[in-house]
Amino acid sequence: MPQITNRERLLRLFRGAPLDRIPVSPRIASAFTREWFDDPDVDIVAGACEIYRHFGWEIIDWNCTPHFELFDFGGPDPTRPGSFRALQGPGWKPAVRYETSGSTTHEIVTVTTPGGQLRRVLSTCRLSRFEQECGLTEYAIKTERDFNLICQYMPPVPPLDCGELIRSRALLGDDGVLSPSFHGPFNLLVYCYRKLDDLMLDCRLNPDFFHAMMEFFLQRIMKYLQPMIDTGTVDMFDMGMNVANSKLVSPKDWAELFLPYENRLADFVQQRGVLPMMHQCGHAANHLKVYHKLHHKMWGYLAPPPHGDTILAEAVRILPKELILWGGVDQIDFLRQATPREIDARVQEVIQTVKSRGNFILGTTDYLETHTPRENLQAFADAGRKYGAYD
C-alpha cells in the first residue's frame, strides 16, 4: 500500500478501508502536556500535537473541546483570566463568590429565579504544579422543584465559541483527527447537576422525573454540539458514558434505561457526518453482551484489571467486528512502572489478540498520567509500529 498520512490512516479506519498498519494513539491530557514542557502555561493543543509528532503517533486531539457542561451555571471566562461568566436571562440571575480552604477553592454559584433560588458549589483542589481535580460538592438539582426551575427559567443555549476547533484543526494538518470530548446525558447529570445516588433512586422510584431530566439535557447537549459540527472541523466525538458502568448498572437496565438516550445522541452526530465514540474507560465486562445495541461506531478504552475488568480476548470474541476498538494498555500503573521490554511484550500481546479482527487503534485505557517515563512511551511507540503492520 502506498504511504499514507496519519490523518488518512485514521479516516480509512473510520470508513472501513484497508490499512497498512494499526494506528497508535494514546490519549494526551493537559496535565501531561504541562509536565512534558515543564510549563503550566503551555499552549495545550499545540503542545500535545508536538508530543504526538515526537513519537510518530496518530493525533486524536480532544484538547480543542469548547467545554460547555458547567457553563449554564457559570465558570471561569477563558478570555479574561480570573473572571467569571454565566448565562443571564430575564428570570435567571447568577451570582458567584469564592471560598478557599487549604489547596481547595470553592466556587459557590447562586442563581435567583422568580420561583426561587438554585445553588451549586464547584470545588477545585490543586494536586501539583500541573494537576488539579475539579468536581461538584453541592448539586443544583436537589429536588424536583429545582429541576422545574431549570426547565422554566434557564436561558436558551447561547452561541458557542468554536474558534479553538478551527485553530486546532489547522495545527493538526495531515497528522490526525479532531475529536472534541463531552459528557452524554447521564454523565452530564452526574457531573453537573444531581448526585449519583439520587439519580439511581430516581430511575427506580420516580422514573418520570428521571426520564424528564435525561430528555431535557439530551436536547440541550444537541444544541451545544450543532455549532461545533457546523465548523466542518470535527471528525469524531468522544462521548462520555463511563458513569453507568457494569459495576453500577445491570446489562438489562443499561440497555433499557440509559442506552436509548445515548444512542439518540450518537445518531444525531452520525447523521451529521461525525463518528460517535463511546467513552467507557472503566468496568465494562458485564455489559459486553449488550454492546451490539450501541449505535456508536467506536469504543474506548478497554480497561483491564485492576482499574477496569475488560479481558481483551473476551471482548474480541463477543463484540461485533464492525465496532472500532481503541485502547488496551493500562497507563495508570503499567506504563509508568513497567520496563521497556515489558511494554514491548504487552503491546505484542495486545496486537496479536486483535490483529486478525482489525478495526483497532492501539492506545491507552484513558489519558496518559504524569510521571510516565519517556523511554516507556518510546517503547510503546516502537512496539506499535513493529507489531502492527498488516500484510
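We did not get these values from a lab; they are worked out from the coordinates using the rules stated. Every value quoted in this text rests on a predicted model; they were computed, and no experiment measured them. Neighbour counts are summed over all protein chains in view; Cβ atoms, including those assigned to glycine, are modelled from backbone coordinates with ideal geometry.
Note that region 12-24 has calculated 3J(HN,Hα) couplings of 4, 4, 4, 7, x, 8, x, 10, 7, 7, 6, x, 10 Hz, one per residue in order, obtained from phi through the Karplus relation 6.51 cos²θ - 1.76 cosθ + 1.60 (θ = phi - 60°); glycine and proline are x. Pairs of lysines in the chain whose Cα atoms sit within less than 26 Å of one another amount to 29, provided the residues are eight or more positions apart or on different chains. With respect to the chain, whose longest principal axis is taken over its alpha-carbon atoms, helix 207-230 is tilted by about 60°. Neighbour counts of other Cβ atoms within 10 Å put Glu349, Glu322 in the fewest-to-most order Glu322, Glu349.
Direction-averaged projected area, Cα convex hull, the chain: 18.7 nm², rounded to one decimal. Using a Gaussian network model of the chain in which every pair of alpha carbons under 10 angstrom is joined by a spring, one finds that among Ser250, Ser181, Ser101 the greatest mean-square fluctuation is at Ser101.
Take every DSSP beta bridge whose two residues both sit in the chain; close to 55 percent of them are antiparallel.
Comparing Met277, Val243, Leu257 along the charge dipole axis of region 211-316, the residue lying farthest to the positive side is Leu257, per the Cβ-charge model. Volume of the convex hull of region 1-130 (Cα atoms only), normalised per residue: 155 Å³. Within the shell of other residues whose beta carbon sits under 15 angstrom from the beta carbon of Phe37, the net charge comes to -3, with Lys and Arg scored +1 and Asp and Glu -1. The Stokes-Einstein estimate for region 71-141, based on a Kirkwood radius over Cα pairs and taken at 37 °C with 0.692 mPa s viscosity, is a diffusion coefficient of 252 µm²/s. When the chain is treated as a Gaussian network with alpha carbon springs shorter than 10 Å, the biggest mean-square fluctuation among Ile324, Ile22, Ile150 belongs to Ile150.
Along region 255-271 the Karplus relation, 6.51 cos²θ - 1.76 cosθ + 1.60 evaluated at θ = phi - 60°, assigns HN-Hα couplings of 5, 8, 9, 9, 4, x, 6, 5, 5, 5, 5, 4, 4, 4, 6, 5, 5 Hz to successive residues, with x for each Gly and Pro.
Which one, Pro94, Pro180, Pro276, has the greatest fluctuation when you compute a Gaussian network model over the chain with C-alpha springs under 10 angstrom? Checking each option, the largest mean-square fluctuation is seen for Pro94.
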